[in-house]
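Written below as structure tokens is the structure these notes are about.
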Amino acid sequence: MFLAIRELLFAKTKYILISLITTLTVSLIFIVSGLAEGLSADNASSIQGLAADYLVLEAEAEGELGNSFIPMQQAKEIMNDQEQEANTLSVQMMNATIGGGDKQISLALFATERGGMLMPEVMEGRFPKQENEVLADDSLKQEGIQIGDELQLGEKTSYVVSGFTTDQRYSHTPVVFIESEDLKQVNAVAVKGVAVTDGDYSAVPKIDALGGIPSYSQEQASLNMMIIFLYVITAFVLAAFFYVMTLQKRDQFGVLKALGANNKYLISGLITQIILLSVVSVGIATAISFGVGALFPADMPFILNMATIVQPAIIIIVVSVLGAVVSLYQVVKIDPLEAIEGVAA
Amino acid sequence: MTLVLEHVHKVYQDGPKEYVALNDASLQVKAGEFVAIVGPSGSGKSTLLSIAGALLSPTSGKVLLDGENIATLSKKEVTKRRLEKIGFVFQAAHLLPYLKVKDQLNVISVLAHKPKQKKADILAHFGLEHRINNYPNELSGGERQRVAIARALVNDPKLILADEPTASLDSSRGQEVVKLLAKEVNEGNKAGVMVTHDERVLGFADRIITIRDGKVEFVND
């Protein structure tokens, strides 16, 4: 610590420049993570937040909610087989207009039994009472929808928004919940606890069902690939910097060893410097990312909170230290004899 | 006797050839004695100093430091002996560029896990009290070498080794530095060994040893 800190302070410019680079890459990691989290929620928050643990789907649907069709008769049998609470879930993507106006709004209609566990909590307005009343995600407000407005679906059907709920999006569209008793077929049976199934039907954990939402996996995979590349870049930038620094300081390390510094002391100094740099970079990058996040428009799918940041922050610090391993090897290799010039060795 | 070298051989393997750097070198230095080692380039004097300083282990022979044979110790133990018992003064001072003068001395205490004492006294002793908060690049060559000597003495070592301490200094500065070194060795009752090319500073040594082709040839009392 004694040497590590003094050196950082003495060679300020060098270390500030390298921190600047890592701060930028770390900021990018955080912002892309926020975007991944935001897109994930925008695509699947209704499934992530579903009050169930498993979805029983048609076996042939291979985990894709939209491809699974279960006749109501079978769905009832499946529900009876379960040990814990179960409800049917029907998902329909539709276009609606406000009270028959011109503007088309995409939405996902989630239908389930009256009084079932799948209806989300009301944040504003009231719970649907009539058969034609629905509970809508509050992102519909941005489309100008208010409580009491009528959503016209096709020519015959229309629903009245009785209240708003929140964080209910599916496939980048707002979800509208309806309680309905006269469905002929459903997409899934949502089950609490462990699901009991037989051959024609398979139970999928809720989290795995996200992969069945159109484009969910592709979106997440491309963003995650960017994040992984940024981890690697950050690690390499720090590794290269400290490697060159170590080579430059060969004679200093030689003198220190001759004076009686052991490898452990020199290595812990190097690791202290790397951890300090990456922690400072992570700290500044956190502030930058929250700042940038605040500037984004409200309807941009971007979610950044401490929980989103903790995991990448730890990974960055760990990969930075791993990147230092090449330099550590150099430090160990340096012979204290180098302090005495002119020795043939 | 603080330092005793007995029948020390050092052989370097250079491919199929062997190169004998030290051939049956024996040497004794007692406390309070300042010995100069001279000899042409490549004669083995730096090797001798490196072996005495536990930076290099001999191919055969004994190196007794304060009664203990350091030739057979592990690397880790040897590093510890250097820290505790040996003070080094190198050719070009070799101060750490990022440390203030006082910290050049403090680093030795830190390495030895000893409390940092006030270094003002020892620096005043070397006429460096006004330089306590300066970095090496703000010092003159002579001042730097004096800091290096102060650093070598911080841990109160039994043995002080100097590798051409005047190489980077002009004649009068060089004389001044070696005089100081000799004084510290004599008055501090330490054993001192200095390798040098510089004939003008030999007058400060209690004894002069000449090395030629790896052999201790001439001991001048």
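The values are calculated or read from the model by the stated rules, or taken from the named source; none is laboratory data. The model shown is predicted, which means the values in this text are computed figures rather than measured ones. Cβ: placed from backbone, ideal geometry, glycine included. Neighbour counts: every protein chain shown. Side chains included, ligands, DNA and RNA excluded: accessible areas come from the protein's heavy atoms. Shrake-Rupley method; radii C 1.70, N 1.55, O 1.52, S 1.80 Å.
With respect to the conditions (1) crowded, with 16+ Cβ neighbours inside 10 Å; (2) touching a Lys or Arg at 6+ places or on another chain (Cβ under 6 Å); (3) not aromatic (Phe, Trp, Tyr), residue B:1 lacks only one, and its number is (1). Looking at segment B:112-122, can you tell me whether even one residue there is without any contact (Cβ under 8 Å) to a residue 40 or more places away in the chain, surrounded by 17 or more Cβ atoms within 10 Å (Cβ to Cβ) and either farther than 18 Å from residue B:152 by Cβ or of a type in the set (Lys, Arg) (or both)? Taking every residue of segment B:112-122 in turn, at least one turns out to be without any contact (Cβ under 8 Å) to a residue 40 or more places away in the chain, surrounded by 17 or more Cβ atoms within 10 Å (Cβ to Cβ) and either farther than 18 Å from residue B:152 by Cβ or of a type in the set (Lys, Arg) (or both). Within segment B:66-80, the set of residues being open to solvent by 30 Å² or more (accessible area, probe 1.4 Å) and either facing chain A (nearest Cβ under 7 Å) or outside any strand (DSSP E or B) (or both) comprises B:66, B:67, B:72, B:73, B:74, B:75, B:76, B:77, B:80. Among the residues of segment B:185-200, at least one is part of a loop (DSSP other than H, G, I, E, B), among the hydroxyl-bearing types (Ser, Thr, Tyr) and open to solvent by less than 40 Å² (accessible area, probe 1.4 Å). Taking the criterion of being free of Cβ contacts under 8 Å to residues at least 12 places away in the same chain and either more than 11 Å from chain A (Cβ to nearest Cβ) or open to solvent by less than 10 Å² (accessible area, probe 1.4 Å) (or both), the residues of segment B:16-65 that qualify are B:16, B:17, B:18, B:50.
Taking segment B:91-167 and the helices (runs of 4 or more DSSP H) fully enclosed by it, the elements with 3 or more residues that are farther than 26 Å from residue B:54 by Cα, more than 14 Å from every other protein chain (Cβ to nearest Cβ) and of a type in the set (A, V, I, L, M) are at B:120-125. Among the residues in segment A:306-329, are any without any contact (Cβ under 8 Å) to a residue 24 or more places away in the chain, of a type in the set (Gly, Ala, Ser), open to solvent by 30 Å² or more (accessible area, probe 1.4 Å) and over 30 Å from residue B:19 (Cα atoms)? For segment A:306-329, residues without any contact (Cβ under 8 Å) to a residue 24 or more places away in the chain, of a type in the set (Gly, Ala, Ser), open to solvent by 30 Å² or more (accessible area, probe 1.4 Å) and over 30 Å from residue B:19 (Cα atoms): present.
Might you check whether a residue that is out of contact with any strand residue (DSSP E or B) (no Cβ under 7 Å at 6 or more places or on another chain), in a helix (DSSP H, G or I) and either closer than 26 Å to residue A:11 by Cα or among the hydroxyl-bearing types (Ser, Thr, Tyr) (or both) occurs anywhere in segment A:291-300? No, every residue in segment A:291-300 fails to be out of contact with any strand residue (DSSP E or B) (no Cβ under 7 Å at 6 or more places or on another chain), in a helix (DSSP H, G or I) and either closer than 26 Å to residue A:11 by Cα or among the hydroxyl-bearing types (Ser, Thr, Tyr) (or both). In segment A:50-115, counting only strands (runs of 3 or more DSSP E) that sit wholly within it, the ones holding 3 or more residues that are over 28 Å from the mean Cα position of the chain (by Cα), on the phi < 0 side of the Ramachandran plot and surrounded by 14 or more Cβ atoms within 10 Å (Cβ to Cβ) span A:86-98. Within segment A:224-236, the set of residues being surrounded by fewer than 17 Cβ atoms within 10 Å (Cβ to Cβ) and aliphatic (A, V, I, L, M) comprises A:225, A:226, A:228, A:232, A:233. Listed by first and then second residue, the pairs linking a residue in segment A:249-264 that is open to solvent by 60 Å² or more (accessible area, probe 1.4 Å) to a residue that is assigned to a helix (DSSP H, G or I), with Cβ atoms under 7 Å apart and 6 or more places separating them unless they lie on different chains, are A:250/A:338; A:251/A:338; A:262/B:76; A:262/B:79.
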